[in-house]
Amino acid sequence: MDRTTPVRPGSPDPVDLVVEQWAQVRPDLETGAMAVFGRLHRIADAMGARMQAVYGRLGIGRGEFDVLAALRRAGEPHVLSPRELTATLMLTTGGMTGRLDKLERAGYVTRSPDPRDRRGLRVTLTPAGLELVEEAVGAGLAVQRQVLAAALAPDEAAELDRLLRLLLASAAG
């Protein structure tokens, strides 16, 4: 197994401290679920910070990356309406406008009238935006793969993915 960072299985972590504190004051509580979701929350926060650092080196934030990535995933010609972007990213229209303003000023997207709807706009990924998102997605995935490989063997990562899929379906349903 290729582990780039030493991982000590069974070593106490900050979640263990929280669970232990609850056990002291409320020994009647079953805190297994708290431990799982506490770790998931801390993982999300830690990875969010790592991804922000990666994207920050490229001059964008996570929010701007999300817009560029949505346009890239849309396929050629990398065009979506602000409404489609808002729905995809689950943002308010105001939040989307701010991101689009920043990306347009930087030359990564353009906004133009929608030829099929006089009231609508189309957001298009520019060649510079396409180049940036390609670099950003590669850099982000490299960090994610590194973190995963430092802790889990490939079969363990696959099992974790399977279990998280089940957990997500339960939480969302």
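Results, tabulated for the structure shown:
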{"item": "Yes/no for THR97 being surrounded by 12 or more Cβ atoms within 10 Å (Cβ to Cβ), free of Cβ contacts under 8 Å to residues at least 40 places away in the same chain and hydroxyl-bearing (Ser, Thr, Tyr)", "result": "yes"}
{"item": "Residue check, ASP45 in contact with a Lys or Arg (Cβ under 9 Å, 6 or more places away or on another chain), within 30 Å of LEU125 (Cα to Cα) and at pLDDT 95 or above", "result": "no"}
{"item": "Selection within the stretch 19-33 - in contact with a helix residue (DSSP H, G or I) (Cβ under 8 Å, 6 or more places away or on another chain) and more than 21 Å from LEU168 (Cα to Cα)", "result": "VAL19, TRP22, LEU29"}
{"item": "Candidate set from the stretch 64-90 (those that are out of contact with any Leu (no Cβ under 8 Å at 6 or more places or on another chain) and modelled with pLDDT under 95); member that is surrounded by the fewest Cβ atoms within 10 Å (Cβ to Cβ)", "result": "MET90"}
{"item": "Residue count for the stretch 121-173, restricted to those that are at pLDDT below 95 and touching a helix residue (DSSP H, G or I) at 6+ places or on another chain (Cβ under 8 Å)", "result": "1"}
{"item": "Residue in the stretch 34-46 that is in contact with a helix residue (DSSP H, G or I) (Cβ under 7 Å, 6 or more places away or on another chain), within 21 Å of ALA106 (Cβ to Cβ), open to solvent by 30 Å² or more (accessible area, probe 1.4 Å) and of a type in the set (A, V, I, L, M) present", "result": "no"}
{"item": "Condition check for VAL54: at pLDDT below 95 and not hydroxyl-bearing (Ser, Thr, Tyr)", "result": "no"}
{"item": "Matching residues, the stretch 108-147, being closer than 19 Å to ALA49 by Cα and either open to solvent by 40 Å² or more (accessible area, probe 1.4 Å) or not aliphatic (A, V, I, L, M) (or both)", "result": "GLU135, VAL137, GLY138, GLY140, LEU141, ALA142, GLN144, ARG145, GLN146, VAL147"}
{"item": "Single match in PHE37, PHE65 (criterion: aromatic (Phe, Trp, Tyr) and closer than 22 Å to LEU168 by Cα)", "result": "PHE37"}
{"item": "Residue in the stretch 121-134 that is in contact (Cβ under 8 Å) with a residue 60 or more places away in the chain and among the acidic types (Asp, Glu) present", "result": "yes"}
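Here's the yes/no breakdown for (1) in a helix (DSSP H, G or I); (2) within 26 Å of PHE37 (Cβ to Cβ):
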position	(1), (2)
GLY59	no, no
LEU71	yes, no
GLY107	no, no
GLU134	yes, no
VAL143	yes, yes
ARG162	yes, yes
LEU166	yes, yes
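The values are calculated or read from the model by the stated rules, or taken from the named source; none is laboratory data. This is a predicted model, so every value here is computed, not measured. Positions of Cβ are generated from backbone atoms using ideal geometry, with glycine treated the same way; all protein chains shown enter the neighbour counts. Just the protein is used for accessible areas: all its heavy atoms, side chains included, with ligands, DNA and RNA removed. Shrake-Rupley method; radii C 1.70, N 1.55, O 1.52, S 1.80 Å.
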